[in-house]
Amino acid sequence: MFWKQQLPLMFCFIFGVFALVAYFSPVLDDLNHEYIVNWNLIIFGFSMALGIYSLLSSHFRKVFRQSKGWVYNLVALIGYFAMVFLGFAFGISESSTFQYLFLTIQVPVQATMFSILAFYIASASFRAFRARTLEATLLLLAAIIVMLGQVPLGSQNIPFITELKNWIMNVPNLAAKRGIWIGVGLGIISTALKIILGIERTYLGGAGSSK
């Protein structure tokens, strides 16, 4: 159908070309920031509403079907509606119940998750730093130097460790990072051109496919 396939491709082409040309034109760039950015905020609002609807429908479906672990879905729903009610009914000021629950439940839970993530990273690093090859040995030595240079135990007791750590971070590490960003930039350009020209159509879902 036209409105499911051709119309989205037409809008994508028009606004993609406009944003591309506006980047090199001072007049169009002002128009781009004045209108396009505002439209991006409006679309973001609708996408947020769509995301909330998708999240709630998924949890409700699992609760009604009593799928495995449905109790956790029920807890998530209760927490969501409770926070929404408290936010609208009593506000979100620093002394509100909304902020109290956020600071006493959400923040500690996030801290716990990041603490667990730290142990996961440590375990993954131990497996990655096994000196079985020359590359793994270099990675292990660089990691040890950087870690020692970051803590007072190494920087205050080992001569030149801080300078060596800075050299590793500013020369080989920065060079590799810039190479990765150049590759990412080329990938973004390639994907953007494919979307603007209608070659990539996966964002249409079932209404379109890549050719």
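Listed values, structure above:
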quantity	calculated
Residues of the range 54-83 satisfying the condition of being in a helix (DSSP H, G or I) and over 22 Å from residue 98 (Cα atoms)	54, 57, 58, 59, 60, 61, 62, 63, 64, 65, 70, 71
Given (1) of a type in the set (Lys, Arg); (2) in a helix (DSSP H, G or I); (3) over 26 Å from the mean Cα position of the chain (by Cα), number of the condition residue 177 does not satisfy	(3)
Hits in the range 123-154 - residues which are assigned to a helix (DSSP H, G or I) and either touching a strand residue (DSSP E or B) at 6+ places or on another chain (Cβ under 7 Å) or more than 23 Å from residue 174 (Cα to Cα) (or both)	123, 126, 127, 152, 153
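Readers should treat all values here as calculations from the given coordinates under stated rules, not as data from a laboratory. None of the values given here were measured: they were computed from a predicted structure. For neighbour counting, all protein chains shown are included, and Cβ atoms are generated from backbone atoms with ideal geometry for every residue, glycine included.
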